[in-house]
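K.L.:
Please see the structure below; I have some questions.
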Amino acid sequence: MSSINPALDTMPKLLIHNAGVIGGRPAIRHKDFGIWQTWTWSEMLEEVRAFSVGLDELGLKRGDKFAIIGGNRPRLYWAICAGQALGAVPVPVYADAVAEEMAYVLAHAEVTLAVVEDQEQVDKIIAISDRLPQLGRVVYDEPRGLKDYDHARLIAFEDVQRLGRKKLAGDAGCLRQWEAAVAAGKGGDLSIILYTSGTTGRPKGVMLTYENAIVSARNANAFDNLGRDEEVIAYLPLAWIGDHIFSYVQSYVAGYCVNCPETPDTVVEDRREIGTTYAFAPPRVYENTLTLTMVRMADAGAFKRKLFDFFIAVARRWGEKILNREKVPLGARALYGIGNLLVYGPLKNRFGLSRIRVAYTAGEAIGPEIFRFWRAVGLNLKQLYGQTEASVYVTAQPDGEIDAETVGKPTPEVEVKIAENGEVLFRSPGVFVGYYKDPDKTAEVRTPDGWVRTGDAGFFDSKTGHLKIIDRAKDVGRLNDGTLLAPKYVENKLKFYPNIREAVAIGAGRDFVCAMVNIDLTAVGSWAERNNVVYSSYQELAGHPRVYDMIAQHIDEVNRSLAEEGVMAGAQIRRFLVLHKELDADDGELTRTQKIRRGFITERYAPLVEALYGGATTADISTEVTFEDGHKGAIAARVAIRDMKPYAARAAKMERAA
Amino acid sequence: MRAPSSREVRLGEALLAVENVSLAFGGVRALTDVSFDIRKGEIRAIIGPNGAGKTSMLNVINGFYPPNTGRITFKGEARTTMRPYAAALGGIARTFQNLALFRGMTTLDNIMAGRALKMHRGFFWQLIRHGPALREEVEHRRRVEEIIDFLEIAAIRKVQVGRLPYGLQKRVELGRALAMEPDLLLLDEPMAGMNLEEKEDMSRFILDVNQQYGTTIALIEHDMGVVMDLSDRVVVLDYGRKIADATPDEVKCDKNVIRAYLGEPHGISA
């Protein structure tokens, strides 16, 4: 393991260092009142220090846990660093978590103080405060609506800073004391606890040291040549490891600038104004952007549509080759250049991707078609495979070695091996300390010699030497006749269609594969408008016979492509239905990072599953739903089921040929 | 952690008093001898069945209709007639039952329009858009951005309002009224045609406006749940007459009010 400079082995130390070396350069920006406000590294140091000393005054001590709840705002990032400067451990919580989930995490982590964004989060804390006896002060960023609240425990962010500034101004020794506290922090200390949303069971608190975070960040910066000139936008949940490393640790290590959007709804506009150079997003973001593009193009005039279709075809043929610096005929290059001027450039500009040098997709497998589309139009999109337990990085694709279906090679200092059951294992300096207060779970996941089980099944592609992930190891199942079924593989094929938002493939321990599908309201709604399909609700649209026809056509195409893949031919979809409600994280059907929870869904929709395998053509279902304010209601529906014809496996033909 | 309501303490003296106001259009009596007051800092609801004279009442208050008899005292100044322009200058802003926005303009420009009365540089200065005129515009823009932030409409700042859904247009209209920094804000059915979520949002904004800016608010609303939750005092009109004036809880139990809402034929005593 390579060592890190002990003078720069924590984020607060890096902050002081950066303020000294690149103090005049921008460190963080926030769009507020319609204008980008910038803080340089030295200004940021002053803000963090004032808040940190204020927290000290409020009684936050070394080793204490404190919660961070809210969106991507500079002050919440400052709060993380301010607490770490005192040796306290931040525990970021998903801002959209309902009170119940929040109560579990805050109680489990034994937080003694919380820094929250606004009234919404304060209300949640008030609602669960009787279950959090150890929780003391609650600091809020946005005062709006909180004027009439009892301020015995509440305190505004700027008031904490005022406390700190007063102390710093009045007591000359205070600054030295604070700097001594920062210097007392060591790379091996616990830096943060991140609760993973978890596809099963209660969230687990992943403990990372400063060294974990800093070594991973440094290696990632080196891997992609990231320096202080990068601009990134912070828009993913603070409680997600990706955002923590990318918008916080990597920025401190490289000295680049992090931009906080005005509101979650303005990210695209804000990104366009900044022109980010390095991006990190789950596949969903690229999917949604592509869906939006396709929907808009379908509504565009005939000339524009023809132009778009023509140049996208050119891009699909030559774009990736040009991006990979392969040999391309001059004519094709010229045509691509024109396309770039007319279509690709404006398209990328529309979504604020013009200046991107490196864009990563991670968190889940991306549809190969989506991936190729973005590369074809000249976006250097790469895949990355990571885990909270690894401080993100396990594998990534180096520039020029891109494949739509792999996740790349092990990143610097990471070792990867495949267990006998197909599970992927890794070992690296980023490997976590353990799950907080859960040694049994830690032992389950991490072997004594430091290997971590990812829970994902995969293999190294013989052609490229890259890792290929097929599914969760525990989700890979077999049909009754022994056919291999990787449900996610099938689902991802379905989700490529813009009309399909989510899909759930089931079949392990059954005779054949069935699918439950969620339509995408944007795409299908726009289709309905153009085709005079009248509907009054999501439920009605989802159940419309013509929508079923359309989905059936998509599934038919998926079946054909599965049939062509030999081993996957047996996983063709025989029956399907369109769900009457959108799968939602508030109902526990998706995780907070928007991954489907297959087991939970099959249980919850058991009557539908039975009907799928029972041969019925309709099924009745009543499901409980949770509204955003926490109260519950029920949705009842009758859902239609369709049969599909499977294709003959092409592998059989090949056998005959051989 | 929430403090007990301190509303009673905050409610000050009367900001506006309506005394014996009557209004007739030809032979139709829209308002008959109506008197009530609106106190500083309160949220005052005006309710009543359809055609009870609620909107007429608002139109009288902001000077759009001159009353036939009676007088109105605003900030201690009594008057019988006033031009809407004067009312606006005096600190009365309103929103309309059927939106009255500039549909071809952006959200930002619509709300900027609400600042027109506060701009002092003349046409030619604005044409040059330099020096003092620019400084003035920047200052007003800052205020408008605060309102945009307050109403959480940053994402639609540069969208033409004609393209926005109804609920958001209502919010923009509220923004334009707020841009005038009014002492008295008149809201004519701010939640008409909204779904539950939009109503909840709008209710929160109304409460926040009242609390944060201390703006006195008079609102007409049909949704009784909203009225009962939001308002401090309620005036009930029926066929142009005031039939009740009390707290929401008292109004709920009032015999006359129940009769008016159940639609019992008039003139037949119970």
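The values are calculated or read from the model by the stated rules, or taken from the named source; none is laboratory data. Quick caveat: nothing in here was measured; it's all calculated off a predicted structure. Note: ideal-geometry Cβ built from the backbone for every residue, glycine included; neighbour counts use all protein chains shown.
K.L.:
Would you check which residues across the range B:208-218 are at the interface with another protein chain (Cβ under 10 Å from one of its Cβ atoms) and either buried (at least 16 other Cβ atoms within 10 Å of the Cβ) or among the basic types (Lys, Arg) (or both) and list them?
P.N.:
Of everything in the range B:208-218, those that are at the interface with another protein chain (Cβ under 10 Å from one of its Cβ atoms) and either buried (at least 16 other Cβ atoms within 10 Å of the Cβ) or among the basic types (Lys, Arg) (or both) turn out to be B:208, B:211.
K.L.:
Please state which one of A:57, A:101 is under 22 Å from the mean Cα position of the chain (by Cα), over 28 Å from residue B:155 (Cα atoms) and among the charged types (D, E, K, R).
P.N.:
Values: A:57 fails: under 22 Å from the mean Cα position of the chain (by Cα).
After applying the criteria, what remains is A:101.
K.L.:
OK, next. Within the range B:208-223, which residues are over 13 Å from the mean Cα position of the chain (by Cα) and either of a type in the set (Val, Ile, Thr) or under 21 Å from residue B:40 (Cα atoms) (or both)? So that I can check it myself, show each step before the final result.
P.N.:
Within the range B:208-223, the first condition is being over 13 Å from the mean Cα position of the chain (by Cα), and the residues that meet it are B:208, B:211-214, B:222-223.
The answer is B:208, B:211, B:212, B:213, B:214.
K.L.:
Just the residues that are touching a residue at least 40 places away in the same chain (Cβ under 8 Å) and either assigned to a helix (DSSP H, G or I) or more than 20 Å from the chain's Cα centre (by Cα) (or both), please, taken from the range B:65-89. Steps first, please.
P.N.:
Residues of the range B:65-89 that are touching a residue at least 40 places away in the same chain (Cβ under 8 Å), as a first pass: B:65, B:67-75, B:88.
Across the range B:65-89, the qualifying residues are B:68, B:69, B:70, B:88.
K.L.:
Also: Name the one entry in A:49, A:29, A:75, A:62 that is of a type outside the set (A, V, I, L, M) and assigned to a loop (DSSP other than H, G, I, E, B).
P.N.:
Values: A:49 fails: assigned to a loop (DSSP other than H, G, I, E, B); A:29 fails: assigned to a loop (DSSP other than H, G, I, E, B); A:75 fails: assigned to a loop (DSSP other than H, G, I, E, B).
A:62 is the lone residue from the list that is of a type outside the set (A, V, I, L, M) and assigned to a loop (DSSP other than H, G, I, E, B).
K.L.:
Scanning the range A:527-544 for residues that are in contact (Cβ under 8 Å) with a residue 12 or more places away in the chain and in a helix (DSSP H, G or I), which turns out surrounded by the fewest Cβ atoms within 10 Å (Cβ to Cβ)? Working first, answer last.
P.N.:
First, pick out the residues of the range A:527-544 that are in contact (Cβ under 8 Å) with a residue 12 or more places away in the chain: A:527-528, A:530-531, A:533, A:538-539, A:541-544.
Of the ones still in play, those that are also in a helix (DSSP H, G or I) are A:527-528, A:530, A:538-539, A:541-542.
Values: A:527: 20, A:528: 18, A:530: 11, A:538: 18, A:539: 17, A:541: 21, A:542: 25.
Result: A:530.
K.L.:
Would you point out which residue out of A:226, A:208, A:238 is under 18 Å from the mean Cα position of the chain (by Cα) and outside any helix (DSSP H, G or I)?
P.N.:
Numbers: A:226 fails: under 18 Å from the mean Cα position of the chain (by Cα); A:208 fails: under 18 Å from the mean Cα position of the chain (by Cα).
After ruling out the rest, the residue left standing is A:238.
K.L.:
Just to be sure before I move on: is residue A:77 surrounded by fewer than 23 Cβ atoms within 10 Å (Cβ to Cβ) and among the hydroxyl-bearing types (Ser, Thr, Tyr) in the structure I sent? Outline the logic, then answer.
P.N.:
On the way: surrounded by fewer than 23 Cβ atoms within 10 Å (Cβ to Cβ): no; among the hydroxyl-bearing types (Ser, Thr, Tyr): yes.
No; evaluated as a whole, the condition is false for this residue.
K.L.:
Still on this model: Please go through the range A:1-20 and pick out each residue that is assigned to a helix (DSSP H, G or I), loosely packed, with under 15 Cβ neighbours inside 10 Å and touching a residue at least 24 places away in the same chain (Cβ under 8 Å). Steps first, please.
P.N.:
Step one: list which residues in the range A:1-20 are assigned to a helix (DSSP H, G or I), which gives A:6-8, A:11-20.
Subsequent filtering for residues that are loosely packed, with under 15 Cβ neighbours inside 10 Å retains A:6-7, A:20.
If the condition is that a residue be assigned to a helix (DSSP H, G or I), loosely packed, with under 15 Cβ neighbours inside 10 Å and touching a residue at least 24 places away in the same chain (Cβ under 8 Å), then A:6 is the only one that fits.
K.L.:
Is it true that some residue in the range B:151-167 is surrounded by fewer than 21 Cβ atoms within 10 Å (Cβ to Cβ) and within 27 Å of residue B:90 (Cβ to Cβ)?
P.N.:
The first filter runs over the range B:151-167 and keeps only residues surrounded by fewer than 21 Cβ atoms within 10 Å (Cβ to Cβ), leaving B:152, B:155, B:157-160, B:162-167.
Then drop every residue that is not within 27 Å of residue B:90 (Cβ to Cβ), which leaves none.
Scanning the range B:151-167, I find no residue that is surrounded by fewer than 21 Cβ atoms within 10 Å (Cβ to Cβ) and within 27 Å of residue B:90 (Cβ to Cβ), so the answer is no.
K.L.:
Quick check: anything in the range A:569-581 within 28 Å of residue A:121 (Cβ to Cβ) and either assigned to a loop (DSSP other than H, G, I, E, B) or outside the structural domain of residue A:202 (by TED's automatic domain parsing) (or both)? First the steps, then the outcome.
P.N.:
The first filter runs over the range A:569-581 and keeps only residues within 28 Å of residue A:121 (Cβ to Cβ), leaving A:581.
Subsequent filtering for residues that are either assigned to a loop (DSSP other than H, G, I, E, B) or outside the structural domain of residue A:202 (by TED's automatic domain parsing) (or both) retains A:581.
The answer is yes; a qualifying residue exists.
K.L.:
Next question, about the same structure. Name every residue in the range A:126-135 that is within 13 Å of another protein chain (Cβ to nearest Cβ), farther than 23 Å from residue A:207 by Cα and touching a residue at least 24 places away in the same chain (Cβ under 8 Å), in order of residue number.
P.N.:
A:127, A:128
K.L.:
Got a number for residues in the range B:151-174 being of a type in the set (Lys, Arg), within 14 Å of another protein chain (Cβ to nearest Cβ) and assigned to a helix (DSSP H, G or I)? Write out each step before concluding.
P.N.:
Let us first name the residues in the range B:151-174 that are of a type in the set (Lys, Arg), namely B:157-158, B:163, B:170-171.
So of that shortlist, the ones also within 14 Å of another protein chain (Cβ to nearest Cβ) come out as B:157-158, B:163, B:171.
So of that shortlist, the ones also assigned to a helix (DSSP H, G or I) come out as B:163, B:171.
Of the residues in that region, 2 qualify.
K.L.:
I've got another one for you. Answer with yes or no whether residue A:153 is basic (Lys, Arg), out of contact with any Phe, Trp or Tyr (no Cβ under 9 Å at 6 or more places or on another chain) and away from every other protein chain (no Cβ under 11 Å).
P.N.:
Working: basic (Lys, Arg): yes; out of contact with any Phe, Trp or Tyr (no Cβ under 9 Å at 6 or more places or on another chain): yes; away from every other protein chain (no Cβ under 11 Å): no.
No, not satisfied.
K.L.:
Applying the selection to the range A:24-41, what residues are crowded, with 18+ Cβ neighbours inside 10 Å and more than 14 Å from every other protein chain (Cβ to nearest Cβ)?
P.N.:
Selection gives A:26, A:27, A:28, A:29, A:39, A:40, A:41.
K.L.:
A follow-up question, please. Is the range B:132-150 home to any residue that is free of Cβ contacts under 8 Å to residues at least 40 places away in the same chain and assigned to a loop (DSSP other than H, G, I, E, B)?
P.N.:
Of the residues in the range B:132-150, the ones free of Cβ contacts under 8 Å to residues at least 40 places away in the same chain are B:132-147, B:149.
Next cut, assigned to a loop (DSSP other than H, G, I, E, B) only: none.
No.
K.L.:
Kindly indicate whether residue A:287 is among the acidic types (Asp, Glu), within 14 Å of chain B (Cβ to nearest Cβ) and within 22 Å of residue A:358 (Cα to Cα). I'd like the intermediate steps shown before the answer.
P.N.:
Values: among the acidic types (Asp, Glu): yes; within 14 Å of chain B (Cβ to nearest Cβ): no; within 22 Å of residue A:358 (Cα to Cα): yes.
No; evaluated as a whole, the condition is false for this residue.
K.L.:
Sticking with this one: Taking the stated definitions as given, is residue B:177 small (Gly, Ala, Ser), within 14 Å of chain A (Cβ to nearest Cβ) and crowded, with 19+ Cβ neighbours inside 10 Å?
P.N.:
On the way: small (Gly, Ala, Ser): yes; within 14 Å of chain A (Cβ to nearest Cβ): no; crowded, with 19+ Cβ neighbours inside 10 Å: yes.
Here the answer is no, as residue B:177 does not meet what is asked.
K.L.:
Sticking with this structure for a sec: Taking interchain pairs and intrachain pairs at least six residues apart, which have beta carbon atoms under 7 angstrom, with the first residue in the range B:243-270 and of a type in the set (Val, Ile, Thr) and surrounded by 14 or more Cβ atoms within 10 Å (Cβ to Cβ) and the second at pLDDT below 85 and part of a helix (DSSP H, G or I)?
P.N.:
Qualifying pairs under 7 Å: B:243/B:260.
K.L.:
Of the conditions (1) under 20 Å from the mean Cα position of the chain (by Cα); (2) in a loop (DSSP other than H, G, I, E, B); (3) of a type outside the set (A, V, I, L, M); (4) modelled with pLDDT of 90 or more, residue A:406 satisfies every one except a single condition; which number is it?
P.N.:
All conditions are met except number (4).
K.L.:
Then there is this: Is there any pair linking a residue in the range A:595-617 that is in contact (Cβ under 8 Å) with a residue 24 or more places away in the chain to one that is assigned to a loop (DSSP other than H, G, I, E, B) and of a type in the set (Lys, Arg), with Cβ under 8 Å and at least six apart or on different chains, and which?
P.N.:
These pairs meet every condition: A:613/A:510.
K.L.:
From the list A:424, A:416, A:433, which residue is more than 14 Å from residue A:385 (Cβ to Cβ), among the β-branched types (Val, Ile, Thr) and buried (at least 16 other Cβ atoms within 10 Å of the Cβ)?
P.N.:
Values: A:424 fails: more than 14 Å from residue A:385 (Cβ to Cβ); A:416 fails: more than 14 Å from residue A:385 (Cβ to Cβ).
Sole residue among the options that is more than 14 Å from residue A:385 (Cβ to Cβ), among the β-branched types (Val, Ile, Thr) and buried (at least 16 other Cβ atoms within 10 Å of the Cβ): A:433.
K.L.:
Just to be sure I understand the filter: pairs with C-beta atoms under 7 Å, separated by 6 or more residues or on different chains, first member in the range A:485-512 and more than 24 Å from residue A:373 (Cα to Cα) and among the hydrophobic types (A, V, I, L, M, F, W, C), second member in a loop (DSSP other than H, G, I, E, B) and modelled with pLDDT of 85 or more. Which pairs pass?
P.N.:
A:485/A:479; A:485/A:507; A:485/A:508; A:512/A:479
K.L.:
Okay, moving on. Could you go through the range B:122-133 and let me know if any residue there is touching a helix residue (DSSP H, G or I) at 6+ places or on another chain (Cβ under 6 Å) and either under 18 Å from residue B:227 (Cα atoms) or within 14 Å of chain A (Cβ to nearest Cβ) (or both).
P.N.:
Here is the first cut: in the range B:122-133, the residues touching a helix residue (DSSP H, G or I) at 6+ places or on another chain (Cβ under 6 Å) are B:125-126, B:133.
Within this subset, residues satisfying the condition of being either under 18 Å from residue B:227 (Cα atoms) or within 14 Å of chain A (Cβ to nearest Cβ) (or both) are none.
The answer is no; no qualifying residue exists.
K.L.:
Related question: Provide a single number: the residues in the range A:276-331 that are outside any helix (DSSP H, G or I), touching a residue at least 12 places away in the same chain (Cβ under 8 Å) and loosely packed, with under 15 Cβ neighbours inside 10 Å.
P.N.:
The total comes to 2.
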